[in-house]
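What follows is calculated from the coordinates using simple rules that are stated; it is not laboratory data. As the structure is a computational prediction, the values presented were derived from the model and not from experiment. Every residue, glycine as well, gets a Cβ built from its backbone with ideal geometry; the counts of neighbours run over all protein chains shown.
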Amino acid sequence: MNRRNFITTTALGTAALSLPASMFATAQKTNPLPKWKGFNLLDFFSPDPAQSRKPTTEDYFRWMRDWGFDFVRIPIAYPYYLNIDRTKNITPDDVYKIDNAAVDRIDKLVTMAHRYGMHVSLNLHRAPGYCINAGFHEPYNLWKDQAAQEAFYFHWNMWAKRYKHLPASKISFDLVNEPSMREDMNDQHSRSSAVPGDVYRKVAQGAAAAIRKENPSHLVIADGNNVGNNVIPEITDLNIAQSCRGYFPGIISHYKAPWANKDPDNLPEPKWPGQVGEKYLSRTMLEEYYKPWGELARQGVGVHCGECGCWNKTPHNVFMAWFTDVLGILKEHRIGFALWEFSGDFGILDSRRTDVAYEDWYGHKLDRKYLNLLISNF
């Protein structure tokens with residue numbers, strides 16, 4: 001089937017396609033998704049395979065399982081698995097040049113995760129025509145260009161076909177990471193706003209149709225609008241779960257992060273609770289922030305926090321006080337979470353924080369206090 005005919009076939013509406021009742025039961029009056037807890041794994045986060053991180057090991061999965069975690073989200077940059085000339089800017093035709101060997105490497109990680117009892121959520125962190133980060137030149141705009149949307153549906157159909165026989169308990173498809181309507185798709189600091197609701201609905205509906213063409217019971221997840229912050233009321237009838245974030249407020253979670261702040265060296269010192277700049281930061285503001293997400297879950301729409309955590313420049317005591325409140329509120333709403341990340345600057349292993357009493361863990365530096373906080377919120 002050529003890609004134009006593929007788009008025509010998969011652009012059918014998804015109203016008649018439903019997930020298992022256990023996943024979306026409107027009479028349940030509580031979050032219908034399992035309270036998954038786990039981590040993002042960044043093996044395929046870079047658009048250039050040559051810049052990839054060291055592969056996740058079986059030891060990592062063994063430790064996750066033994067500590068009680070049951071979920072991994074795999075954010076993927078779609079160029080990672082393309083066979084293209086990386087010395088040139090990508091073209092719209094290049095977007096369809098799948099590198100099967102690279103796809104097999106991703107599949108190997110999925111298979112390993114399943115071997116250790118993890119639910120796997122595949123996410124296009126960089127989708128054709130959109131990424132929250134710069135660092136790769138997109139040839140079009142996912143929210144404005146039909147060609148980008150067609151490519152988006154094509155990629156999701158490919159992944160859905162590969163896992164067509166897996167149940168929703170094992171695999172889910174997280175459409176696009178932290179969507180926003182940005183003025184310049186290739187400048188992450190350019191002005192952005194929420195994606196218009198009707199546009200988000202169109203793109204999510206088309207992608208869900210492409211996925212469920214392979215298996216009507218596939219579990220589809222959409223990240224919150226406006227960089228993951230806002231509930232998406234326009235899609236609540238589409239049997240699509242929604243994913244919130246655990247980064248609010250950014251002055252705590254992304255303190256001094258250069259990719260999130262134009263002037264990272266001149267920021268007010270973070271406190272929790274306390275006055276930071278012109279705002280008083282407290283649990284109350286978090287409760288208001290997560291209230292719409294709790295209400296969405298109680299309406300029978302699945303909700304999960306697909307990313308949360310804090311970069312390593314925030315003082316550890318401030319981070320722990322804030323994150324205790326974040327996890328506590330998510331727990332009250334029966335919303336599971338996935339930490340960004342397992343090992344690295346945001347992680348429980350090898351975070352490179354300078355104010356932590358690390359425990360030696362098989363040659364790694366384990367933030368035991370952080371791990372205990374996560375476990376206490378299962």
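Things worth noting here:
- Glu307 long-range amide H proximity, modeled H, under 5 Å: Gly246, Ala338
- Selected from His304, His155, His165 as most flexible by GNM, with the chain as the system and alpha-carbon contacts under 10 Å: His165
- Residues whose amide H falls under 5 Å from that of Asn123, counting only those 5 or more places apart or on a different chain, are Ile74, Ile76, Asp174, with hydrogens built in the peptide plane.
- Ranked by how many other Cβ atoms sit within 10 Å of their own Cβ, fewest first, the residues Thr236, Thr87, Thr57 fall in the order Thr87, Thr57, Thr236.
- Reference-scaled alpha-carbon Rg (2.2 N^0.38 Å with N residues) for segment 298-378: 1.15
- In the chain, helices alone account for a calculated mean residue ellipticity at 222 nm of -9500 deg cm²/dmol, with every DSSP H run of four or more residues adding -39,500 (n - 2.57).
- Shape call, segment 21-152: gyration tensor on alpha carbons, a/c limit 1.5: oblate
- Of all the options Ala50, Ala102, Ala160, the one that moves most in a Gaussian network model of the chain with Cα springs shorter than 10 angstrom is Ala50.
- Counted over the chain, the DSSP beta bridges are approximately 30% antiparallel.
- Relative frequency of Cα-Cα separations exceeding 16 Å in segment 95-155, percent: 57 percent
- The chain gives an Rg/Rh value of 0.94, both radii derived from C-alpha positions and Rh following Kirkwood.
- Cα gyration tensor shape of segment 133-206, rounded if a/c is under 1.5, else prolate or oblate by comparing a/b with b/c: prolate
- Footprinting exposure proxy for Trp159, Trp293 (fewest neighbouring C-beta atoms within 10 Å first): Trp159, Trp293
- Using the Karplus relation 6.51 cos²θ - 1.76 cosθ + 1.60 with θ = phi - 60°, the per-residue 3J(HN,Hα) values for segment 277-287 come to x, 8, 10, 9, 8, 7, 4, 4, 5, 5, 4 Hz, with x marking Gly and Pro.
- Computed over segment 41-124: relative contact order in percent, which uses C-alpha pairs under 8 Å that are six or more apart: 38 percent
- Which of Leu109, Leu41 has the fewest Cβ neighbours within 10 Å, and the rest in rising order: Leu109, Leu41
- The shape of segment 280-321 comes out oblate: with a ≥ b ≥ c from the C-alpha gyration tensor, a/c is at least 1.5 while a/b does not beat b/c.
- Highest GNM mean-square fluctuation among Ala257, Ala77, Ala101, for the chain modelled with Cα contacts below 10 Å: Ala101.
- Residues with amide H under 5 Å from that of Asn40, placed H, sequence gap 5 or more: Arg73, Leu339, Trp340, Phe342
- Each Cα pair under 8 Å and six or more residues apart adds its sequence gap; the mean of these over the residue count of the chain is a relative contact order of 19 percent.
- Taken over the Cα atoms of segment 173-244, the convex hull encloses 83 Å³ per residue.
- For segment 208-355, dividing the convex hull volume of the Cα atoms by the residue count gives 134 Å³ per residue.
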